[in-house]
Amino acid sequence: MREQVILGGLAVTAGVALAVLLFVPFVALTYRRRGGFGAGRFAVWGAALVYLMAIWTYTLLPLPDPDALRCAGVNLDVGAFVDDIRGALSRVGRSALTDPAVLQVLLNVLLFVPLGFFVRVLGGRGIPTAVVTGFVVSALVETTQLTGVWGLYPCAYRVFDVDDLLANTCGALLGSLSALLVPRRHWGTPRYPDAEEPRPVTRRRRLLAMLCDILGAWLTALAASVVFQLALWALGAHAELRDGSAAGVVGTAAPVLAWLVVVMATGRTVGDLAVQLRYTGGPLPIGLARFLRLAGGIGGYLVLLALPGAWGLVSGVFAVASVTLVLTTPDRRGLPGLASGQRLVDARAPADSL
């Protein structure tokens, strides 16, 4: 039981990590395909990521100690589970659901029900695709086990069971059928006909853009630090260069420079690009306006956050003021718009209408 809890926690952690990593691209894609962002749909995608991680952890982990490895057998007798269930019914009657042989079949079916559901709701595909997908994924898992994780181990450490293929495929079929309860308009990720139509600049949309900027900057800092540390290790740098302080400097500077390049080139931050917003107009030269837009938003926050001492408190005040101005300024332009003297509009609005 404790092992199952640990594996479940690992699956949830890995799924959430992937959801965080893919959040900004997901927002950008849904705004371009559907015209807006739906938190409910993102939650379904997040559940799908957690589910895929669960498939991986429950079917392949924990990896055995090579020194204590015991080779597992192979079951190629199609339908052997039917005899197992009959035997359980003859032995325990109505309480057969608690028999290990019955539970194994039921759990193998239930394990793939979400896959069939996600194939229809997220992929927009029907029963044949769900069945094929269930079979292919199950075959991949079983083959990975049969080959000892593709040669990592000298033999299989779990039993290859052809009946598991059948049970998993049936589960995907049932999942696809259960998805019929979801209205058809929610199936798949179609491009809506009005996806390119301008939409109001709402508070929720502005806050979502700010969240994308913060999350994107954090991921950029993390990636830059890791890459820098790996480069130092590969080059055999001295230990004093690999103590983390240099990587911290790189991680601090990377998002500031990245956002500076993006804003000066496009006039929009990563968050603006994701949710289809842009600043326009104003009395200032375009280069100065773009710089002030950055300084009044994510750029100013990152610089204040990087400064030592009491500047950390100032960065907190800056963040609170930024959110407050988004909620109170008439056009949601917030501090970046006030600093640059520009208006905030939907990026899909025709230029001649601004």
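The values are calculated or read from the model by the stated rules, or taken from the named source; none is laboratory data. Everything quoted here is computed from the prediction, not taken from an experiment. Don't worry about glycine lacking a Cβ; one is built from the backbone with ideal geometry, like all the others, and counts go over all protein chains shown.
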Looking at segment 126-160 only, could you name the residues that are part of a loop (DSSP other than H, G, I, E, B) and either at pLDDT 90 or above or among the charged types (D, E, K, R) (or both)?
ARG158
Top-ranked residue of segment 82-124 - restricted to ones that are in contact with an Asp or Glu (Cβ under 7 Å, 6 or more places away or on another chain) and either surrounded by 14 or more Cβ atoms within 10 Å (Cβ to Cβ) or of a type in the set (Lys, Arg) (or both), ranked as modelled with the highest pLDDT
ASN108
Are there any pairs with C-beta distances below 6 angstrom linking a residue in segment 28-51 that is closer than 15 Å to PRO198 by Cα to a residue that is part of a helix (DSSP H, G or I) and among the hydroxyl-bearing types (Ser, Thr, Tyr), with the two at least 6 apart or on different chains, and if so which?
PHE37/THR30
Unmet requirement for VAL317, which otherwise passes all of (1) in contact (Cβ under 8 Å) with a residue 60 or more places away in the chain; (2) in a helix (DSSP H, G or I):
(1)
Within segment 266-277, does at least one residue satisfy the condition of being surrounded by fewer than 17 Cβ atoms within 10 Å (Cβ to Cβ), free of Cβ contacts under 8 Å to residues at least 40 places away in the same chain, of a type in the set (Ser, Thr, Tyr) and not in a helix (DSSP H, G or I)?
no
Pairs only if they're at least six apart or on different chains, beta carbon under 6 angstrom, first in segment 146-173 and assigned by TED's automatic domain parsing to the domain that holds VAL132 and more than 14 Å from ASN108 (Cα to Cα), second assigned to a strand (DSSP E or B) and not basic (Lys, Arg); list them, first residue then second.
LEU146/PHE160
Can you name the residue in segment 280-316 that is in contact with a Gly (Cβ under 6 Å, 6 or more places away or on another chain) and under 26 Å from ALA28 (Cβ atoms) and, of all such residues, is surrounded by the fewest Cβ atoms within 10 Å (Cβ to Cβ)?
GLY282
Filtering segment 160-204 down to residues that are hydrophobic (A, V, I, L, M, F, W, C), in contact with a strand residue (DSSP E or B) (Cβ under 9 Å, 6 or more places away or on another chain) and closer than 28 Å to PRO350 by Cβ yields VAL201
Residue, nearest to the chain's Cα centre (by Cα), within segment 1-28, restricted to residues that are modelled with pLDDT under 75 and small (Gly, Ala, Ser)
GLY15
So, in segment 279-323, how many residues would count as being under 21 Å from LEU257 (Cβ atoms) and either β-branched (Val, Ile, Thr) or not assigned by TED's automatic domain parsing to the domain that holds ALA347 (or both)?
3
If you take the residues in segment 128-161 that are buried (at least 17 other Cβ atoms within 10 Å of the Cβ) and aliphatic (A, V, I, L, M), which one is farthest from ARG184 (Cα to Cα)?
ALA156
Hits in segment 224-258 - residues which are modelled with pLDDT of 90 or more and farther than 22 Å from PHE291 by Cα
ALA224
Starting from segment 192-206, take each residue that is at negative phi and list its partners that are of a type in the set (Val, Ile, Thr) and surrounded by 12 or more Cβ atoms within 10 Å (Cβ to Cβ), counting only C-beta distances under 9 angstrom and pairs at least six apart or across chains.
PRO198/VAL345; VAL201/VAL345; ARG203/VAL326; ARG205/VAL275; ARG206/VAL275; ARG206/VAL326
Matching entry among TYR31, TYR58 (being at pLDDT below 80, surrounded by 16 or more Cβ atoms within 10 Å (Cβ to Cβ), assigned to a helix (DSSP H, G or I) and not acidic (Asp, Glu)):
TYR58
A careful count of residues in segment 320-350 that are in a helix (DSSP H, G or I) and free of Cβ contacts under 8 Å to residues at least 24 places away in the same chain gives 5
What number of residues in segment 178-197 are modelled with pLDDT of 75 or more and surrounded by fewer than 15 Cβ atoms within 10 Å (Cβ to Cβ)?
8
